[in-house]
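Asks: Below you'll find the structure I mean.
Nothing in this text is a laboratory measurement; each read-out follows from the coordinates by a stated rule. Values in this document were obtained by computation on a predicted structure and should not be read as measured data. Virtual Cβ from ideal backbone geometry, glycine too; neighbours counted across all protein chains shown.
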Amino acid sequence: MVNTEVTLSGVKLSNPVIPASGTFGYGYEFSELYDINILGALSFKGTTKEPRFGNPTPRIAEAEGGLLNAVGLQNPGIDKVISEELPRLRKVFRKPIVANISGFSVDEYAYCCERIDKEEQVEIIEVNISCPNVHNGGMSFGTTTEGASEVARAVKSVTKKPVYMKLSPNVTDIAAIAEACVNAGADGISLINTLMGMRLDLRRRKPIIANVTGGLSGPCVFPVALRMVWQVYERVKVPIMGLGGVSSAEDVIEMMLAGATAVQVGAANLKDPYASMNIINRLPQVMEKLGIDNLSEIIGGAH
Amino acid sequence: MKKGIFTVVSNREIAKNTYEMVLSGDTSAITAPGQFVNIELQGFYLRRPISVCDVERSSLTIIYKVVGKGTEYMSRLSAGAELDLLSGLGNGYSLGESGERPLLIGGGAGVPPMYELCKVLLKEGKKPVVIMGFNTEDEIFYRERFEALGAETVVATADGSVGVKGFVTDGMDTVGEYSYVYVCGPEPMLKAVYDKSVTSGQFSFEERMGCGFGACMGCTCKTKYGSKRICKDGPVLFKEEIIW
Ligand SMILES: Cc1cc2nc3c(=O)[nH]c(=O)nc-3n(C[C@H](O)[C@H](O)[C@H](O)COP(=O)(O)OP(=O)(O)OC[C@H]3O[C@@H](n4cnc5c(N)ncnc54)[C@H](O)[C@@H]3O)c2cc1C
Ligand SMILES: Cc1cc2nc3c(=O)[nH]c(=O)nc-3n(C[C@H](O)[C@H](O)[C@H](O)COP(=O)(O)O)c2cc1C
Ligand code: FES
């Protein structure tokens, strides 16, 4: 029997596989298909202080080996997430929850994190400073070392729970941003969010996505994500949640060898609602084939 | 929703750029007319959403127009090919409100879901009137199929080559009194029928989809009752809740 357990800042996960924020809703759609308690943890849809409708549609465009999205942080707001979504999720899910939080000001980030801190099942707070689809917020904090560390410091001051800063790949030096977050007190780093891109409608000669630009994700970004996990691992000593294009058990192992302690699965859940389940089910088999007994021993093993 | 492998039984061009594909597989997740399937195509990342046109216990029929690379790929599939489908997606049409003589109004690629709806309404003893709109004669499909079901059928063509000259709304002028409208087609057509219809009704919308089953928030629209996901809370919306 191989051992798939990993530990993220003291939080034990039965396996490293975590559905990524925004690609798994609050889990209900998937819990109708399989027992989502097989997941290592679950990261829910990015939550802001106020409810948000998000961007106008079309919000989705296809790409070779992936998709672009400009959902724009549609969510019911922190009050409803706490009063409605989390109680409903609790009925079908007993594993650790990763709370994904977004904001438009440092205060808003801190406010939401303080609120979510009181939720027992939330064991990790993932702070999204990397959403490319909202203006005056999201990614603007994630593209400078000052912005990133300001948010990290504010959030750390209101919670004792592990804080993971979710980084944008749309930067020149990802390791510098990660380092700034860690210096400001972050317990871990999540990366990557989507890469900014766009597509045109040839008939209309206009952008397909109403927001003009969107975030690219899916298998086409895997090599970029892997490279960034590698660079961040070389720079900081905190645990990393690696994501971006992960679609198979082999991808999970590759991410871990590059330096990830846990691995998130995003777009793959949208293409195949059983993707996370299949990855988890195949993981022991692939470990055996590769001669891995203990998954946590391979973290950063390629360095 | 169910995920399953379906086998192509037949795939043939039934009108200009328009194909009818019969697939065999487990259709048990399909519970209402107006629902759709989301089809995985080799070499494409996103699945293609297509309405269910007709459904039996172990087979279903879809009709699709070739508009881009994905539907072009579909048109080249032959019998025996296997496709991965998510089936039973969306809310579908609700039948309770139809009254005795509902209008079933479909435009172009919006005609297919009207077929299953028509069958079910006829089975319930209703007298549906089908109004189908096309641009030109060579685009027309399924007219005889609807007539064979025993439904009163009106065809409107934009160029006047067959039936009523004009749009489905011109077809509406020819049918007398009606109890309800069920509508599917391009958005300008939905809006025109919405404005013209004197009864309540249900309208089926399209949106670009990331998942098709409610997980990504890629397809959200505003309604009078709040945000709705076209793929999960729709594609069918009641006339009373629509915001244009
Ligand atoms: C609920 C629903 C039911 C539908 N039912 C039918 C049907 O019965 N028959 C039929 O012919 N067509 C139907 N459509 C439209 C059909 O989904 C598109 O024509 C098809 O996805 C185009 O794919 P493509 O690769 O050929 O085009 P491309 O333009 O190359 O596709 C690129 C991307 O855009 C998406 N896309 C393009 N056009 C549309 C559209 N109109 N709606 C949603 N996504 C789109 C594609 O799915 C793909 O992800 C339906 C759409 C929806 C949302
Ligand atoms: C439809 C969609 C919605 C997303 N919403 C969020 C979000 O609300 N918060 C967030 O931190 N990341 C969000 N993301 C980014 C993903 O969590 C992930 O970082 C990214 O998609 C890369 O992983 P992938 O290639 O496996 O999809 C979203 C991605 C997609 C495709
Ligand atoms: S397409 Fe994903 S929620 Fe509708």
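Asks: Rounded, prolate or oblate: which fits chain A when a ≥ b ≥ c are the square roots of the eigenvalues of the alpha-carbon gyration tensor, with rounded for a/c under 1.5 and prolate only if a/b beats b/c?
Replies: rounded
Asks: Using only DSSP helix segments of four residues or longer, with each worth -39500 (n - 2.57), what per-residue ellipticity at 222 nm results for chain A after dividing by its residue count and rounding to 500?
Replies: One gets -9000 deg cm²/dmol as the mean residue ellipticity at 222 nm.
Asks: Using a Förster distance of 30 Å, how high is the FRET efficiency between B:W244 and B:V175, based on the Cβ-Cβ distance and rounded to 0.05?
Replies: With a Förster radius of 30 Å, E is 0.75.
Asks: As a test of the formula, what do you get for chain B when each DSSP H run with n ≥ 4 contributes -39,500 (n - 2.57) and the sum is divided by the residue count, at 222 nm and rounded to the nearest 500 deg cm²/dmol?
Replies: Calculated from helices alone, the mean residue ellipticity at 222 nm is -4500 deg cm²/dmol.
Asks: Which entries in A:K95/A:K237; A:K45/A:K91; A:K156/B:K224; A:K95/B:K224; B:K65/B:K191; B:K2/B:K119 show an alpha-carbon gap greater than 28 Å?
Replies: In this structure, A:K156/B:K224; A:K95/B:K224 lie more than 28 Å apart at Cα.
Asks: Still on this model: Please sort B:189-201, A:160-172, A:13-25 by packing, taking for each peptide the average over its residues of neighbouring beta carbons within 10 angstrom, highest first.
Replies: Ranking, from highest mean packing down: A:13-25, A:160-172, B:189-201.
Asks: Using a 10 Å cut-off around each Cβ, can you sort A:D272, A:D173 from fewest to most neighbouring Cβ atoms?
Replies: A:D173, A:D272
Asks: Moving to a separate point now. Please give the contour-minus-distance gain from A:K160 to A:H303: 0.36 nm per residue of separation, less the Cα-Cα distance, rounded to one decimal in nm.
Replies: My answer for the length gained is 48.3 nm.
Asks: Follow-up. Any idea what the dipole of the protein assembly as shown comes to, in debye rounded to 20, about its Cα centre with Lys/Arg Cβ at +1 and Asp/Glu Cβ at -1?
Replies: Dipole magnitude for the protein assembly as shown comes out near 420 debye.
Asks: Loop only by DSSP, 14 or fewer other Cβ within 10 Å of the Cβ. Give me the GluC sites (Glu not before Pro) in the range B:57-125 that pass, ordered by residue number.
Replies: When the GluC sites (Glu not before Pro) of the range B:57-125 are filtered for loop state and at most 14 Cβ neighbours within 10 Å, B:E100, B:E124 remain.
Asks: With unit charges on the beta carbons (Lys and Arg positive, Asp and Glu negative) and the dipole taken about the Cα centre of the protein assembly as shown, which residue among B:C118, A:G40, B:G108 sits farthest to the positive side?
Replies: A:G40
Asks: Taking H placed 1.01 Å from N in the peptide plane, check which residues at least 5 places from B:V236 or on another chain put their amide H under 5 Å from its amide H.
Replies: It is B:N91, B:G92, B:F205, by chain and number.
Asks: So who's got an amide H within less than 5 Å of the one on B:E152, skipping anything under 5 residues away but keeping other chains? H placed 1.01 Å off N, in plane.
Replies: When sequence neighbours closer than 5 places are left aside, the close amide H contacts are B:V130.
Asks: Separate question: Specify which residue in the list A:V127, B:S24, B:S58 is farthest towards the positive end of the charge dipole of the protein assembly as shown, using unit charges on the beta carbon of Lys, Arg (+1) and Asp, Glu (-1), about the Cα centre.
Replies: A:V127
Asks: Per residue of the range A:215-232, what does 6.51 cos²θ - 1.76 cosθ + 1.60 with θ = phi - 60° give for ³J(HN,Hα)? Whole Hz please, x for Gly and Pro, Karplus curve as stated.
Replies: x, 8, 8, x, x, 5, 9, 3, x, 5, 4, 4, 4, 6, 4, 4, 5, 5
Asks: List every residue whose amide H lies under 5 Å from the amide H of A:G46, counting only residues 5 or more places away in sequence or on a different chain, with H placed 1.01 Å from N in the peptide plane.
Replies: Hits under the 5 Å cutoff: A:G22.
Asks: If you don't mind, another one. Charges at C-beta only: +1 for Lys and Arg, -1 for Asp and Glu. How large is the resulting dipole of chain B about its Cα centre, in Debye rounded to 20?
Replies: So the magnitude is around 620 debye.
Asks: Also: Among A:I101, A:I279, A:I299, what is the fewest-to-most ranking by other Cβ atoms within 10 Å?
Replies: A:I299, A:I279, A:I101
Asks: Right, something else. Under a point spin-label approximation (7 Å from Cα along Cα-to-Cβ), what is the B:K222-A:V212 distance to one decimal in nm?
Replies: 2.1 nm
Asks: Still on this structure, please answer the following. Within 10 Å of each candidate Cβ there may be at most 12 other Cβ atoms; applying that plus a DSSP loop requirement, which GluC sites (Glu not before Pro) in the range A:213-300 survive?
Replies: Filter output for the range A:213-300: empty list.
Asks: While we're on this one: Using the 10 angstrom Cβ neighbour count as an exposure proxy, how do B:K224, A:K237, B:K119 rank, fewest first?
Replies: A:K237, B:K224, B:K119
Asks: Write out the trypsin sites (Lys or Arg not before Pro) in the range B:16-79 meeting two conditions: DSSP loop, and at most 11 other Cβ atoms within 10 Å of their Cβ.
Replies: Those that pass, being in a loop and sparsely packed, are B:R57, B:R76.
Asks: Related question: Taking beta carbons within 10 Å but only from partner chains, what does the mean come to for residues A:26-33?
Replies: If you average over the peptide's residues, the count of other-chain Cβ atoms is 3.
Asks: Among B:V9, B:A151, A:A154, which residue has its Cα furthest toward the positive end of the charge dipole of the protein assembly as shown, with +1 on Lys/Arg Cβ and -1 on Asp/Glu Cβ?
Replies: A:A154
Asks: Using a basic spin-label model with each label point 7 Å from the Cα along Cα→Cβ, how many nm lie between B:R57 and A:E250?
Replies: Once both label points are built, they end up 4.2 nm from each other.
Asks: Taking each residue of A:267-273 in turn, how many C-beta atoms of other protein chains fall within 10 Å of its C-beta, and what is the average?
Replies: Mean shielding by partner chains, rounded to a whole number: 6.
Asks: A further question on this structure: Read phi for every residue in the range A:113-119 and hand back ³J(HN,Hα) as whole Hz from Karplus 6.51 cos²θ - 1.76 cosθ + 1.60, θ = phi - 60°, with x for Gly and Pro.
Replies: 5, 5, 5, 6, 4, 6, 7
Asks: Oh, and also: Once phi is turned into θ = phi - 60°, what whole-Hz ³J(HN,Hα) does the Karplus curve with 6.51, -1.76 and 1.60 give for every residue of the range A:170-183, x standing for Gly and Pro?
Replies: 7, 9, 7, 9, 5, 5, 5, 5, 4, 4, 4, 5, 5, 4
Asks: Counting Lys and Arg as +1 and Asp and Glu as -1, each charge on the Cβ, what is the dipole of the range A:146-269 about the Cα centre in debye, to the nearest 20?
Replies: Dipole size: approximately 540 debye.
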